[in-house]
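Here the structure comes first, spelled out in structure tokens, and everything after it is commentary.
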Amino acid sequence: MRLGRLLFLPIFAFLLIFAIIPAFGVLSSSLTGTHGLSFTFYRQTFSQQYYNAFWTTTWLSLTSSVLAAIWGFVIAFALVRTSMTVLQRIITALSSTMANFAGLPLAVAFMATLGTSGILTLFLQQYLHVDIVAMGFNLAAFSGLFVAYLSFLTPLAVILMLPAVSSLHQEWEEAMYTLGASFFLYLRKVAVPVLLPSMIGTLGLLFANAFSTYVTSYELAGSSINLVPILIGYMVNGNVSMNLGLGDALSMEEMIVLGVSISFYFFAQRKSLLHAREGRSANAT
Amino acid sequence: MRRKWISKIVIFFFILQMVIPVIGLMIFSIDNEGLFTLSSYQTLFTDPSFLSSLMNSLGISLVSVVLTILLVTPPIWYGYLYSPRILRVLEAMSFITFVLPGVVLGLAYVQFFSNPPFALAGTPTLLPFAFTLFGMPYYMQSVLNRLRHSEAKLYHDVARSLGSSNLRSLLRVQVPLLAPGILIGSILVFSIGMGEFTITQLTTGGSFMTLPIYLQVDFQNNPLAGAAMAVIALLIAIVLVSLTLGTFRRRKKRREAIHVNHSSVEQAV
Amino acid sequence: MLTIHQLNKRFDHLQAVKDFNLVMQPGEFVTLLGPSGSGKTTVLRMVAGLESPTSGSIHLGDVDVTHLTPQKRNIGLVFQSYALFPNMSAYENIAFPLHVRKQDKHTIQKRVNELLALIGLTNRKDHLPHQLSGGERQRVALARALSFHPPLLLLDEPLSALDAKVRQSLRITLKEIQRTLGVTTLMVTHDQEEALELSDRIVVMAKGAVEQVGTAMDIYYAPQTAFTEGFIGETNPITAEVLDVIASPIGEKIYNLRWHHHVFSWLADRHIEPQGTSITIGIRPESFHFLPVGGHGSIEATIVDKLFFGSVTRFIVKLPDHTTVKVDAMSAISQQYPIGAKVGLLITDPRLPIGFVDEAVTMTANPS
């Protein structure tokens, strides 16, 4: 039987060679200057340009993921309340499709729809006399990326929230009503507090997702916006200058941001009351 | 009391949000200054480099799927039955991909694999490994889900109590039992392979044409053909998603479907 | 107190409740008893306001509540799944309806502590629901439903999610609390024992309609429909000869019957009428009694099988005409009756005073 453990050998070797060692490679070369250990690259990342990039990336990721989490919660909540299984299936399928469609094709779809000569842009101009370009909307800038990010973060939020929202007991709501409370009191006192861990977890995952988004912003904005993943990408296939050490330092910082926000997800999953609900024993926390 | 109409309005707006870029894209791809045209699709299908990038994408995705199945299935199965602790370690480690996004991994690969004995950067050799790495957590979850819901251990014990050898139980009982999980996991890995752009671009420098690389180049040169290409990517996504959902429908495990679909997401971005 | 008149509920193609009528007196404990799908829960939910009736009316006292929202009905409801708010402690759950009613802090505190003492959970008041056992959760749910002094308490399968032992003790607690507070209570259950033990009156339901309304004794010993008879306990249908009909001291009809030469008295119920000189009635297994063979007008019978049920033992007994009946006796005496033994068998109606048989009839029926 012990021999069976050999089955683990290839996969651990795989993880070591293709994930862990390369990651440590990034760590070590980010700390290696011309004369051994050095923080030069990290010092460089605190210069104005990179500081701005972190600020913009964080702000873009935070606003889009918070909005997507709230909107996704509303959608999941509405979906459960229609109690129409057909509709739920359609939305699940639609969300998965959109999530699979994300990346390059979605970016292209946005340029075709909301670019300067996009279908919707022209339609609004010609028929409703609304010039969104003149109003400051630019697909290659913050506003455009914000809208594009929402369109892959929202379905992701719906899919992440749906299991939690659908395990809210209908009796809790009914109990609220028979005890004299309104729908909004139900939301405030039960639904939101109970779902809070799952909302925070979802938010963590959405934020990490937005923060590491490369393809969408690369295609839509390219070098016209200062985002961390785009800068890292430029360090590799840079048209300007290849600076791997700086890229490594930026990567380490990005990994820290991602690690923190992902840990929210795992922490929140453990905290969830929805999972503790069935517990019978008195010593459960 | 249940305010169903509010729910329906909310869902309507969500569908609108999802569908508008898709409709825009479709109109864009068939619009020739107000006239209907399919020329962009025609150009696409007669372009030999489109066909070769399609073949490249299919090939690399299939290789990734085979690699994932061979590499990941046996330890999960064995771990679930006999060494849950090592399995837990493996599960935790598979989440490393969440902190190693495409750009970071690309940067790491370019450095680590540029010197002998692993001078692999610049060739597509690294891609199946990268796609396997990205697909691993989703593949693992879908096989584990299946293991949990099919009482694999019970059937294994039953088969052996009836005198079957381990190997025979594995081939005749366990593999058929796990097949749906393997299938769904494979589709997830396959769709990652078909859509991945970042690693491909960073490690091959664009020298290896896959569908996404072709799309990126093509849209810059000829937006119409690029849009047509994106429509095809959408169709591929629809086919893959309906395959996974179809597999679930037959098994009537909706809860599980929601669970795995959540893993089908979040790649590609 | 509660008056339900001609209540109907349709779900698409399903008639869930059909012409349901019920009048409850203040302080009464009424149970809706029936299998799943009998419409009993739908009636309860309509009373609570969680479901709106297709037609009919519901009055609480003099107030027509048919179209009121649940919030305005002021009715306490205990759910089968407890439905305690998972993010609030036992104390907060019980205090919640009082907060909604904007009562002052002091009143709330006093009331909640009083209820916690009543359900015996004062020392567990800060626990979250998942830290409580099933029985404790159900008691908190009961306290929560009672905290705002509702004139009517609804219980939806309150004990069915609990294991047998807890259920038994909680039944007693429930009955005690209901008696102490004197709150009018309408309970839904599919558990006949629970219904028989707790209720002042039972409404037996099947397929959305009322089968029978009566006291526990009525329902048990005088089932009026084949459904009720089959649903509640076991019976031995026997066809006996009617010898005589007399009036009891309080004016009920009592039959004197003869079956296999055994003469016994049986309280008549409105529903079952003699067919000529014979009548078919259902005899509960425990309404039979054993005597020594040939004892006091008993039937000579043979024990063919014995099933040990714990405190009770069931005997399968063969009669002279080779038919069998099921007889329950206390296990304590079952050793005296091994398989194959001959016994004398008697029937007594538990609703009549012990030994109630009209002696005159006994004489005339047994001249020998």
When region C:74-127 is checked residue by residue, the ones that are assigned to a helix (DSSP H, G or I), of a type in the set (S, T, Y) and touching a residue at least 24 places away in the same chain (Cβ under 8 Å) are C:Y91
Which count do you get for residues in region B:155-167 that are surrounded by fewer than 14 Cβ atoms within 10 Å (Cβ to Cβ) and more than 20 Å from B:I76 (Cβ to Cβ)? 5
For B:Y78, only one of the following conditions fails: (1) surrounded by fewer than 18 Cβ atoms within 10 Å (Cβ to Cβ); (2) within 30 Å of A:F18 (Cα to Cα); (3) facing chain A (nearest Cβ under 9 Å). What is its number? (1)
How about region A:241-267: which of its residues are in a helix (DSSP H, G or I) and at pLDDT below 80? A:L244
Condition test on C:L174, is it away from chain A (no Cβ under 14 Å), hydrophobic (A, V, I, L, M, F, W, C), in a loop (DSSP other than H, G, I, E, B) and within 20 Å of C:A83 (Cβ to Cβ)? no
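Okay, residues lined up against (1) polar (S, T, N, Q); (2) closer than 19 Å to C:E193 by Cβ; (3) outside any loop (DSSP other than H, G, I, E, B); (4) more than 27 Å from the chain's Cα centre (by Cα):
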site	(1), (2), (3), (4)
C:Y220	no, yes, yes, no
C:T228	yes, yes, yes, no
C:A240	no, no, yes, yes
C:G251	no, no, no, no
C:N256	yes, no, yes, yes
C:T280	yes, no, yes, no
C:E286	no, yes, yes, no
C:G297	no, no, no, yes
Identify all residues within region B:174-230 that are more than 7 Å from chain A (Cβ to nearest Cβ), within 21 Å of B:V110 (Cα to Cα) and not in a helix (DSSP H, G or I); write none if there are none. B:E196, B:G206, B:S207, B:F208, B:M209, B:T210
Say whether the condition of being of a type in the set (S, T, Y) and either at the interface with chain B (Cβ under 7 Å from one of its Cβ atoms) or under 24 Å from B:A233 (Cα atoms) (or both) is met by at least one residue in region A:126-145. no
Helices (runs of 4 or more DSSP H) completely within region B:16-131 that count 1 or more residues being polar (S, T, N, Q), in contact with a helix residue (DSSP H, G or I) (Cβ under 7 Å, 6 or more places away or on another chain) and farther than 30 Å from B:E151 by Cα: B:39-46, B:48-81, B:102-112
Selection over region A:25-38 where residues are more than 9 Å from chain B (Cβ to nearest Cβ), hydrophobic (A, V, I, L, M, F, W, C) and surrounded by 13 or more Cβ atoms within 10 Å (Cβ to Cβ) yields a count of 2
One residue from B:F129, B:F112 being within 21 Å of B:S186 (Cβ to Cβ), facing chain A (nearest Cβ under 7 Å), among the aromatic types (F, W, Y) and surrounded by fewer than 24 Cβ atoms within 10 Å (Cβ to Cβ): B:F129
Whether any residue in region B:48-68 is within 11 Å of chain A (Cβ to nearest Cβ) and under 27 Å from the mean Cα position of the chain (by Cα) is what I want to check. yes
Out of all the residues in region C:299-323, which are under 31 Å from the mean Cα position of the chain (by Cα) and among the aliphatic types (A, V, I, L, M)? C:L307, C:V312, C:I316, C:V317
Which number in (1) over 14 Å from B:I20 (Cα atoms); (2) within 10 Å of chain B (Cβ to nearest Cβ); (3) touching a strand residue (DSSP E or B) at 6+ places or on another chain (Cβ under 8 Å); (4) among the hydrophobic types (A, V, I, L, M, F, W, C) marks the one condition that A:A175 misses? (2)
Residues located in region C:110-136, provided they are surrounded by 18 or more Cβ atoms within 10 Å (Cβ to Cβ) and more than 23 Å from C:L159 (Cβ to Cβ): C:R111, C:V112
Search result, residues across region A:179-227 that are in contact (Cβ under 8 Å) with a residue 12 or more places away in the chain and polar (S, T, N, Q): A:S198, A:T202, A:N209, A:S212, A:T213, A:T216, A:S217, A:S224, A:N226
I'd like the residue in region C:209-218 that is of a type outside the set (D, E, K, R) and assigned to a helix (DSSP H, G or I) and, out of all such residues, is farthest from C:R351 (Cα to Cα). C:A216
Only one of C:H99, C:H127 is closer than 21 Å to C:G76 by Cβ, at the interface with chain A (Cβ under 10 Å from one of its Cβ atoms) and either in contact with a strand residue (DSSP E or B) (Cβ under 7 Å, 6 or more places away or on another chain) or not small (G, A, S) (or both). Can you tell me which? C:H99
Pairing a residue in region C:1-15 that is in the same structural domain as C:T185 (by TED's automatic domain parsing) and exposed (fewer than 14 other Cβ atoms within 10 Å of the Cβ) with any residue that is assigned to a strand (DSSP E or B) and charged (D, E, K, R), where Cβ atoms lie under 8 Å and the two sit 6 or more apart in sequence or on different chains, gives C:Q6/C:D19
From C:R73, C:R45, C:R101, residue being assigned by TED's automatic domain parsing to the domain that holds C:L152 and in contact with an Asp or Glu (Cβ under 8 Å, 6 or more places away or on another chain): C:R45
Out of all the residues in region A:165-174, is one or more in contact with a helix residue (DSSP H, G or I) (Cβ under 6 Å, 6 or more places away or on another chain), crowded, with 19+ Cβ neighbours inside 10 Å and closer than 20 Å to B:F13 by Cβ? yes
Test result for C:T107, surrounded by 14 or more Cβ atoms within 10 Å (Cβ to Cβ) and of a type in the set (S, T, Y): no
Identify all residues within region C:22-42 that are surrounded by fewer than 19 Cβ atoms within 10 Å (Cβ to Cβ) and of a type in the set (D, E, K, R); write none if there are none. C:E28
Within region A:211-265, residues being more than 10 Å from chain B (Cβ to nearest Cβ), crowded, with 18+ Cβ neighbours inside 10 Å and closer than 19 Å to B:S114 by Cβ number 2
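The values are calculated or read from the model by the stated rules, or taken from the named source; none is laboratory data. Every value quoted in this text rests on a predicted model; they were computed, and no experiment measured them. Positions of Cβ are generated from backbone atoms using ideal geometry, with glycine treated the same way; all protein chains shown enter the neighbour counts.
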